[in-house]
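The values are calculated or read from the model by the stated rules, or taken from the named source; none is laboratory data. For clarity, every value in this text was computed on a predicted model and none was experimentally measured. So basically every Cβ, Gly included, is an ideal-geometry build from the backbone, and we count neighbours across all protein chains shown. The area values use the complete protein model at the heavy-atom level, side chains included, leaving out ligands, DNA and RNA. Shrake-Rupley method; radii C 1.70, N 1.55, O 1.52, S 1.80 Å.
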Amino acid sequence: MSDSLVRKTIELDSKEESSDSPSLSLLLRPPGGLLIWLVIAVELLTYGGAIGAFLYERAANIEMFREFQAGLNLRVAAINTIVLLVSGFLIAQAVASHHLGQRRNALFYLLGSAALGMVFLGLKGSEYLERYEAGLGIGENIFLGYYWGLTGFHFLHVVVGVVILLGMALHLARGGEWTDEDAGLETGAAFWHLCDLIWVVLFPLLFILN
Amino acid sequence: MRTGTKQFDFGNHLTLLTLLCLTALAYWVADTGTMSPRSSTLVIAAMVLKFSGIAFFFMDLKRAHWFWKAFVAVYVFTLAAIFSSIYI
């Protein structure tokens, strides 16, 4: 009698485990790994706070914000958006190629993605230089403070992202491999997509909506 | 064995095309004159679609746990709601 009870309990426990485990495993293993998604969540929330502060200051200085926003280079920002989106597409293709075992294609896409990241940095860097030479530095007024702060922090992320992409390309070119456990390529790709996500919000906020 | 490009999921290509069209639309709306409530709505909607497209397709969030999908969705819709309350 007690044996059958124990057996039934074990059966029930194993049923509970089998129904809970896949869900928990899925929660703890988002694409790219849990750690990078925690980083993404923290970064997005930090940017959310900074955007909230920007909007709060804008409400108090609306005319000044409109005036300086109109002076920003919308065309370069739009080109930079396209550059980052295509770069994001290429890294997604690199991950897909790697899953299919097409290492050369993955390497090609990785290098293409990194090259476009450098194009973004070049365009943004030249825009920064232009602004700085025109006397529109970070301390000039509150709008420029936020403009430099928000885009500069994003710029640093793109610098780190390009280094990660080049590091992964070098690893792949040397014949290195990633196991499913560490999810290296997907982790780097997730960080690169974070740069896309942030820019997709900054583009309308800083350059379009007024 | 080379598997060729036929095995690719062309979802990424369609996503890219959509994202580029939405960017062009937002640029065109901003470049053609002052922002009306209608054009602001369009730009904010484009932002939500672009954010979701990158997260769910490029980052492959569509195969993740509902918690991560909900996190991204709540985040972008909260931003959109705040932007809408200010700019529309």
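Using the Karplus relation 6.51 cos²θ - 1.76 cosθ + 1.60 with θ = phi - 60°, the per-residue 3J(HN,Hα) values for the stretch A:39-52 come to 4, 4, 4, 5, 5, 5, 5, 4, 4, x, x, 5, 5, x Hz, with x marking Gly and Pro. A run of chain A free of exposed loop cleavage sites, with GluC sites (Glu not before Pro) counted only in DSSP states other than H, G, I, E and B and at most 12 other beta carbons within 10 Å, reaches its longest extent at A:1-176. In chain B, the sites counted are chymotrypsin sites (Phe, Trp or Tyr not before Pro) in DSSP loop states with at most 16 other Cβ atoms within 10 Å, and the longest stretch holding none of them, exclusive of the sites, is B:11-88. For a paramagnetic label modelled on A:Glu63 (point 7 Å from Cα along Cα→Cβ), amide N atoms under 18 Å away belong, within the stretch A:124-166, to A:141-144. The 1.4 Å probe gives accessible areas that order B:His13, A:His154, A:His99, largest first, as A:His99, B:His13, A:His154. Sequence-distant contacts, meaning Cα pairs under 8 Å at least 6 residues apart, place the relative contact order of chain A at 31 percent. Computed over chain B, relative contact order equals 34 percent, with contacts defined as Cα pairs under 8 Å that lie 6+ residues apart. By a 1.4 Å probe calculation restricted to protein chains, B:Lys50 has an accessible surface near 10 Å², given to the nearest 10. Heavy atoms of the protein chains alone define the surface here; on that basis the protein assembly as shown has 50 Å² accessible area per residue at 1.4 Å probe size.
Over chain A, with a Gaussian network built from C-alpha contacts below 10 Å, which listed residue (A:Thr179, A:Thr151, A:Thr187) shows the highest mean-square fluctuation? Judging by the Gaussian network model, the answer is A:Thr179.
Between B:Phe77 and A:Val42, the simple label model (points 7 Å from Cα in the Cβ direction) yields a spacing of 2.8 nm. Enumerate the whole-percent occupancy of each 10 Å bin, from 0 to the last occupied one, for all C-alpha pair distances of chain B. Histogram of Cα-Cα distances, whole percents per bin: 16, 37, 30, 13, 4, 1. The three principal axes of the Cα atoms in the protein assembly as shown give end-to-end lengths of 83, 47, 33 Å, sorted in falling order.
Using only side-chain charges placed at the Cβ, +1 for Lys and Arg and -1 for Asp and Glu, the dipole size of the protein assembly as shown relative to its Cα centre rounds to 700 debye. Sorted largest first, the principal axis extents computed over the alpha-carbon atoms of the stretch A:31-208 equal 55, 30, 22 Å.
Rounded to the nearest 500, the helix-only mean residue ellipticity at 222 nm of chain A stands at -29000 deg cm²/dmol, with each DSSP H run of n ≥ 4 adding -39,500 (n - 2.57). The modelled label-to-label distance for the pair B:Thr32/A:Phe108, using points 7 Å beyond Cα in the direction of Cβ, is 3.9 nm.
Applied to the stretch A:77-82, the Karplus parametrisation 6.51 cos²θ - 1.76 cosθ + 1.60 on θ = phi - 60° returns per-residue 3J(HN,Hα) values of 5, 5, 4, 4, 4, 4 Hz, with x for Gly and Pro. Within the stretch B:37-88, the proportion of C-alpha pairs whose separation exceeds 19 Å stands at 30%. Spin-label model, A:Ser126 to A:Leu100: label points 7 Å out along the Cα-to-beta-carbon direction sit 3.5 nm apart.
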